[in-house]
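Notes follow the structure.
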Amino acid sequence: RLATAAAVLASAAPATPPLAVQCLGGFAVLRDGVPVPVGEWKSRKARDLVKILIARGGRPVHRETLLELLWPDDPPAQTASRLSVALSTARAVLDPGKRHPGGWYLGADNDTLWIDGTHADVDVDRFHELASRAVTERKPGPSPAAIDALAAAEAAYVGDAFPEDPYEDWTVSLRERTRATYIWVARTLADDSVAAGDPATAVRCYLRVLEHDPYDEHASLGLVRAH
C-alpha cells in the first residue's frame, strides 16, 4: 500500500521540477531541487508577493489589493513602484538565469498579477489535486484503489500552509480550506484502513486528525476501535 501510494504521489509532479514552491509546513522555493537561500530574496516583500499569489490559487490579483496587503499603512501613490520592484525581485529569484520569458512563473498585466501553476510545482496545489483524485476514487465506496489515492493525498500534507505567517489575513482561507480537506482525507483513510485490517495506518491517521482538532469525536472513537 505504501509503495502504491508513493507511486501515485510521484505521478502528480516531476521528480525534480525546474521550480518547486513549498507552502505546507513552511515556505521554501527550490530551483532544480536546490533550496533558494533566504538571503537571495533581498526583500521580504518579494517573498510575500509570491506567497499571496499562491494563496489566491493562481487567480489574478488586482494590483490595488496587493498594495493594500503588502503596504497597508502607506498610500498607494507611494507604493505602486515598490510593487514593480518586488515583482522584478521575485522573478529574478525564481528564474535567475532568465531561461524563460518574464511572465513564465509570475504573470502580470496592467491591472493584475498571478502565479502560473502550469510552470511551477506548488505543493499545496498538488495536495488538492491528489485529494480530488481520492474523492473521485472513494465516491463509489471503499476500495483498494481509493485507499491508495487517500494514502497519496495524506502523505502529501506535511503541515499547515504558511505556518510562519499565522496572523496574516491572506493566509487564513487557504490554510483553513487545506486543513479541512486534509482532515477529511486522514479520517476517511483511517476508517477504510480499519475495515481493511490495517489498524496501524488507522491509528496514525486518527492521531494526526486529533493533532488538528483534539475534540474530534469521530477520530477519538475511531482510535479506540483501532486499538
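The values are calculated or read from the model by the stated rules, or taken from the named source; none is laboratory data. Here the structure is a predicted model, which means the values were calculated and not measured. No Cβ is skipped: glycine too gets one built from the backbone with ideal geometry, and neighbour counts run over all protein chains shown. For the accessible areas, the whole protein counts, side chains as well, though only heavy atoms, and no ligand, DNA or RNA atoms are used. Shrake-Rupley method; radii C 1.70, N 1.55, O 1.52, S 1.80 Å.
Selection of region 187-213 for residues being under 16 Å from Asp160 (Cα atoms) and either in contact (Cβ under 8 Å) with a residue 12 or more places away in the chain or not in a helix (DSSP H, G or I) (or both) yields Cys205, Leu207, Arg208, Val209, Leu210, His212, Asp213. The residue of region 140-186 that is most open to solvent (accessible area, probe 1.4 Å), among those that are farther than 30 Å from Asp198 by Cβ and either in a helix (DSSP H, G or I) or of a type in the set (Lys, Arg) (or both), is Asp169.
Give all pairs with beta carbons closer than 8 Å in which a residue from region 121-137 that is closer than 26 Å to Asp95 by Cα meets a residue that is among the polar types (S, T, N, Q); count only pairs at least 6 apart in sequence or on separate chains. Matching pairs, first to second residue: Asp123/Gln22; Val124/Thr178; Phe127/Thr178; Phe127/Thr181; His128/Thr178; His128/Thr181. Within region 60-72, is there a residue that is open to solvent by less than 50 Å² (accessible area, probe 1.4 Å) and within 20 Å of Ala20 (Cα to Cα)? Within region 60-72 (the criterion being open to solvent by less than 50 Å² (accessible area, probe 1.4 Å) and within 20 Å of Ala20 (Cα to Cα)), the answer is no, since none of the residues qualifies. Selection over region 103-115 of residues that are more than 18 Å from Glu40 (Cβ to Cβ) and surrounded by 14 or more Cβ atoms within 10 Å (Cβ to Cβ) gives a count of 8. Of the residues contained in region 142-160, one or more are found to be within 15 Å of the chain's Cα centre (by Cα), touching a residue at least 60 places away in the same chain (Cβ under 8 Å) and closer than 30 Å to Pro72 by Cα.
Restricting the search to region 86-99, which residues are surrounded by 15 or more Cβ atoms within 10 Å (Cβ to Cβ) and modelled with pLDDT under 95? Listed by number, the list is empty, since nothing qualifies. Note on region 73-102: residues that are under 25 Å from the mean Cα position of the chain (by Cα) and either of a type in the set (A, V, I, L, M, F, W, C) or under 14 Å from Lys45 (Cβ atoms) (or both) total 10.
Remark: pairs (first residue in region 22-47, at positive phi; second residue part of a loop (DSSP other than H, G, I, E, B) and surrounded by 19 or more Cβ atoms within 10 Å (Cβ to Cβ); Cβ separation under 9 Å; 6+ apart in sequence or on different chains) = Gly25/Tyr157; Gly25/Asp160; Gly26/Phe162.
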